[in-house]
1. What's the total accessible area buried between chains A and B, using a 1.4 Å probe, rounded to the nearest 100 Å²?
2. Output the direction-averaged projected area (hull surface divided by four) of the convex hull of the alpha-carbon atoms of segment A:10-75, in nm².
3. Working with all protein chains in place, sort A:V10, A:V65 by solvent-accessible area computed with a 1.4 Å probe, largest first.
4. I'd like the Karplus ³J(HN,Hα) series for segment B:72-81: coefficients 6.51, -1.76, 1.60, θ = phi - 60°, whole numbers in Hz, and an x wherever there's a Gly or Pro.
5. Working out 0.36 nm times the residue gap between B:T18 and B:H39, then minus their Cα-Cα distance, what length gain in nm do you get to one decimal?
6. What ranking of B:F40, B:F11 comes out by heavy-atom accessible area, probe 1.4 Å, highest first?
There are 2 protein chains.
Amino acid sequence: MSSSTAKHDVFQAIADPTRRKLLQLLSEQEMPVTAISRHFPISRTAVSKHLRILSEAGLVKEQRVGRETRYRMQPEPLEELRSWLAYYERFWDNKLNALKRLVENEHQAESQPAGPRLVEREAGQSSKKG
Amino acid sequence: MSSSTAKHDVFQAIADPTRRKLLQLLSEQEMPVTAISRHFPISRTAVSKHLRILSEAGLVKEQRVGRETRYRMQPEPLEELRSWLAYYERFWDNKLNALKRLVENEHQAESQPAGPRLVEREAGQSSKKG
DNA sequence: AGTATACGAAACCAAAAGGTTGCATGTCAA
DNA sequence: TTGACATGCAACCTTTTGGTTTCGTATACT
């Protein structure tokens, strides 16, 4: 169900600091565009564009109410970020655990945890002329 | 001690899909540039530039070994992403919990959880002409 | 010494990003 | 109906981004 054909994904959407502030603001409360743009030093149109990008990433939802368009945050797409991050958490967890073990055993030598040590090298095509 | 003057932050660094693949690859094993670039359809120089950006964000570390530069992933900066994300987790947690409650109680009405309902409006300067 | 390999730096380019101003349109208030 | 407000859209501009090719230099191999 997750739309993967989107022009703007969540990674790209949150890359911009203004958009992160926008998200923060809209997480606190739903707001129409002009009210939103009052919180930023840029033009309303610029804010509107950012909102569009967030919208395409599914991070905000708009609702027309009379002449205003109210935006609210939509947290679901952050799930993708979360699962992406989850993969990498084990790496710094490992480091933390290693450190913890080190501290607990204090003067003991660090036991190299099992892991890939070999470095990927040439593809094996070195005999070009022979 | 967290460097905040960096030209490239972690959000921007992971925004590019190529760089995310790069991270993935380097999380599996340390690798020199040419070997890395064999995994991508772009030039070695382009890969090198991406590596530079990741490096500036602290997400990879390089080590010169003879004529090659070996890169390895450095997970620590992802901590920032993690903590950023942590703030938003409560939002979808709320939704999940609400859903869970709903499912558990099945045919029961959804009790609106306490939260800001009011919308930020005008700053109060509507009496301009009097 | 001479050649091949690994890499970075520089110059250059097209497209995307982030911003602006101006205009058109829909809606609310007298 | 007339005017103010809220917004979207189009045109335009500048800077950044992601990419290329070419070249220089350090290191390794024989």
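The values are calculated or read from the model by the stated rules, or taken from the named source; none is laboratory data. None of the values given here were measured: they were computed from a predicted structure. Heads up: the accessible areas ignore ligands, DNA and RNA and are worked out on the full protein's heavy atoms, side chains in. Shrake-Rupley method; radii C 1.70, N 1.55, O 1.52, S 1.80 Å.
1. Chains A and B together bury approximately 3900 Å².
2. Result: 3.9 nm².
3. Sorted descending by solvent-accessible area, the residues read A:V65, A:V10.
4. Calculated HN-Hα couplings, in order: 9, 6, 10, x, 3, x, 5, 4, 4, 4 Hz.
5. 6.5 nm
6. So the residues, ranked largest to smallest area, are B:F40, B:F11.
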